[in-house]
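The values are calculated or read from the model by the stated rules, or taken from the named source; none is laboratory data. Only a predicted model underlies this, so the values are computations on that prediction, with no experimental measurement involved. All Cβ positions, even for glycine, are placed from backbone atoms using ideal geometry, and neighbour counts span all protein chains on display.
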Amino acid sequence: MNLFEVAPDSVIARLRPPSRRGRGLPWQVLANLAWSFWIFAPPLLYDGSLQHWLVPTLTSFAVFLLLYFRTYAAPRRQLLAHALAIGALGFLLTPVNWGGQSYVIYACAFLAFQGPRPRDAVAVMLGLIALYAWECAWLGWPPFYIAAPAVTSFAIGLMNLMYRRSAEANAQLHMSQEELRRLAATAERERIGRDLHDLLGHTLSLVALKSELAARLVARDAEAAGREMREVERVAREALAEVRAAVSGLRAPELMAELAAARLLLETGGVHVDNRIATTNLPAEQDAALAMVLREAATNVLRHAAATRVDIHLEEEGTQVRLCVRDDGRGGVAREGNGLAGMRERLAALGGSLRLDGSTGRGMRLCAELPLPHAQRSLAEGIPAAPPPDFGVTGAALTGAGQ
């Protein structure tokens, strides 16, 4: 196996987001090397009495770099051995350069990721720290200088332990969301399958019956046989139209279904959702466009906003229907990604628009507007628009769930 081949259960694999699996080193790997400056700092900045420190320090640092990158890339079962090897460098270097305590700190940082249970990692960390404290006492260090690296090592180990638990919880949440999407897709496919079975079973039975009848009539009554075959053609065309309608329902997202998915996604992530959505009879294109906007908005809130509350409103204003999603998160948009750009294009194709309002620290408000189809037709024909349907009624079942 390549020395730096990244294992699927390595620390690097767990640091990478799913979208970047297998692509380059996470920035944390290189950024954390900056702390290795403190290996060289004591003899250079604080303690001029240290002698003969340079060669041992450089030698240990070369070994450390090899172990450092290998510890990030190695399988979890090998992490303990690599982390303890880094700690051993600290034990060996400390008698000639007390900057060797940095190796012990690095070792505790890595130990937070070893073992299936966090308490196992804490036990190994405490054992390593206790042994290092004993070595420092044997070297005659004052109590403060013994306590400082011990407290720092344990604090950094605990911080990484909390980071590990948070990452594992996020991974479980992601898996749960993917499982829910999979189950929803499976249920929809089963529904479409049942509909197609019922539809085609009846239709094909009718086609077979009429074809058999036409075959019997063709010899003695050609006109009647022709009528039966024309009836077969009509039934087949109707069946084809119904099949197309059923299959299109499988592909197009629905706004109400997307709202339920958004609520589940956000509330599972600890975000309270309040919605005021009226029952709508929008055409398929408008309904699908707003559903995609809602999906993108909910995903962005969970990933980037750090919000605690989200309000989702659907309302009518004149000849426009408007969907607004507002959060109380960090706000601000440095640049728009492909998701928002795609939503703008989809809405623009239907004559609508997308607007973002938000300043840093004050949350974000995303509004999608689409013209109502009946208003479009009336304006095109020069006829005054009919009064729009009442969207002001709050959907009782959905709003009740969001309180």
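Remarks
- Inside the range 283-308, residues that are in contact with a Pro (Cβ under 8 Å, 6 or more places away or on another chain), surrounded by 17 or more Cβ atoms within 10 Å (Cβ to Cβ) and either touching a residue at least 40 places away in the same chain (Cβ under 8 Å) or not in a helix (DSSP H, G or I) (or both) make up a count of 3.
- Whenever a residue of the range 250-271 is modelled with pLDDT under 75, its partners that are among the β-branched types (Val, Ile, Thr), lying with C-beta atoms within less than 9 angstrom and at least six residues away or across chains, give the pairs LEU250/ILE192; GLY269/VAL301.
- For PHE40, the stated conditions hold: it is part of a helix (DSSP H, G or I), modelled with pLDDT of 85 or more, surrounded by 17 or more Cβ atoms within 10 Å (Cβ to Cβ) and touching a Gly at 6+ places or on another chain (Cβ under 8 Å).
- Residue within the range 159-171 that is under 30 Å from LEU264 (Cα atoms) and among the aromatic types (Phe, Trp, Tyr) present: yes
- Any hit, the range 309-323, residues being touching a residue at least 24 places away in the same chain (Cβ under 8 Å), part of a helix (DSSP H, G or I) and more than 13 Å from ALA262 (Cα to Cα): no
- Some residue of the range 150-161 being touching a helix residue (DSSP H, G or I) at 6+ places or on another chain (Cβ under 7 Å), outside any helix (DSSP H, G or I) and of a type in the set (Gly, Ala, Ser): no
- Within the range 96-118, at least one residue is in contact with a Lys or Arg (Cβ under 8 Å, 6 or more places away or on another chain) and in a helix (DSSP H, G or I).
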